[in-house]
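The values are calculated or read from the model by the stated rules, or taken from the named source; none is laboratory data. No experiment lies behind these values; they were computed from the predicted model shown. A quick note on method: Cβ atoms are made from the backbone with ideal geometry, for glycine too, and the neighbour counts reach across all protein chains shown.
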Amino acid sequence: MVEPTTMALSHSQAMGNSAPGHTAVAQARTHLREALESLIQWAEDLQECGVGHVECDPAALSQLVVPPTAQKRPEERLAEIARRIAQCRRCPLHRTRTRTVPGQGNPSPELVFVGEGPGTEEDRQGLAFVGPAGQLLTRLIRALGMTREEVFIANIVKCRPTERNEGVRDRPPTDEEMSACLPYLHEQLDVLRPKVIVCLGATALRGLLGLQGISRLRGKWQNYRGIPVMPTYHPSYLLRAGGEGKELYWQVWEDMCEVLRQLGRPVPERRRRS
Ligand code: URA
């Protein structure tokens, strides 16, 4: 496992790549992860077809590592991850999904929102945050002086989790479902390299950072691989609490103003009505 990383790094250095060390390491990590992801998916497919073992040519295996200089553009790399997600059968959610929901938006965004997982409407359209919670998120993004196209919106899991896997009532993803799906989000974030990540709700906070306690941690900066992370409440929770204008909404608004300050953007003047 160590060898391909070393190869990718020394190739980059030999080509005079002036990227700082941590960028080269992150790129090498991404390439290695992508290669392993494809390999695992292929092995799982073979296993499902009844194949018990395969013989590997080491020379062919080394071809899986793409040198950083041959790197594709972020949109191509995101599309490639989305293609793998569309074929994923790593957890039982693939059996009940209508469509996978990889996430969408700007491939080089300053800001990434991470939610929990698709609901009914997301599962139908294959797009993240397009149901009622998504509409609230859209209004929030606009109120911040941004657009949905400017940011990237993703989820911890890419298939809709439902009670007893019956495809009817939404439920939060299990730990197993999250662990199976999280490598995709890590890969996406390696490509996206945002300046700030917003974790929407407890599941996003737990999935991305392994932290519990959204009420305690909301509004307090955290860190994901060097990227500032702002945890805040999930839009569905805001809707259940009465939506815009209610106390919880203003708490989220304050968290988002912190995000704007971190990004060096102007903070819109909005007043609570008391
Ligand atoms: N829609 C999503 O895409 N994610 C959520 O977490 C909730 C609704």
Could you say whether any residue in segment 151-162 is away from the ligand (no atom under 14 Å from the Cβ) and in the same structural domain as G226 (by TED's automatic domain parsing)?
no
Working carefully through the options V229, V198, V191, find the one that is farther than 21 Å from T138 by Cβ, in contact with a helix residue (DSSP H, G or I) (Cβ under 8 Å, 6 or more places away or on another chain), in contact (Cβ under 8 Å) with a residue 60 or more places away in the chain and β-branched (V, I, T).
V191
Condition test on E244, is it acidic (D, E), over 12 Å from E116 (Cα atoms) and out of contact with any Gly (no Cβ under 9 Å at 6 or more places or on another chain)?
yes
Would you please name the residue that is farthest from the chain's Cα centre (by Cα), looking only at residues in segment 106-140 that are of a type outside the set (S, T, N, Q) and either away from the ligand (no atom under 14 Å from the Cβ) or over 25 Å from R171 (Cα atoms) (or both)?
R139
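Could you list, in sequence order, all residues of segment 146-159 that are among the hydrophobic types (A, V, I, L, M, F, W, C) and outside any loop (DSSP other than H, G, I, E, B)?
Correct list: F152, I153, A154.
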Within segment 86-127, count every residue that is in a helix (DSSP H, G or I) and buried (at least 19 other Cβ atoms within 10 Å of the Cβ).
3
Within segment 210-238, the count of residues that are surrounded by fewer than 17 Cβ atoms within 10 Å (Cβ to Cβ) and within 16 Å of the ligand (Cβ to nearest atom) comes to 1
Quick test of your reading of the structure: L64 fulfils all but one of (1) at pLDDT below 65; (2) part of a helix (DSSP H, G or I). Name the failing condition by number.
(2)
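Condition first: under 21 Å from R33 (Cβ atoms) and surrounded by 24 or more Cβ atoms within 10 Å (Cβ to Cβ). Now tell me which residues in segment 193-209 satisfy that. Lay out the reasoning, then the answer.
Here is the first cut: in segment 193-209, the residues under 21 Å from R33 (Cβ atoms) are 193-194, 197, 204, 207-209.
Residues satisfying the conditions are I197, A204, G207.
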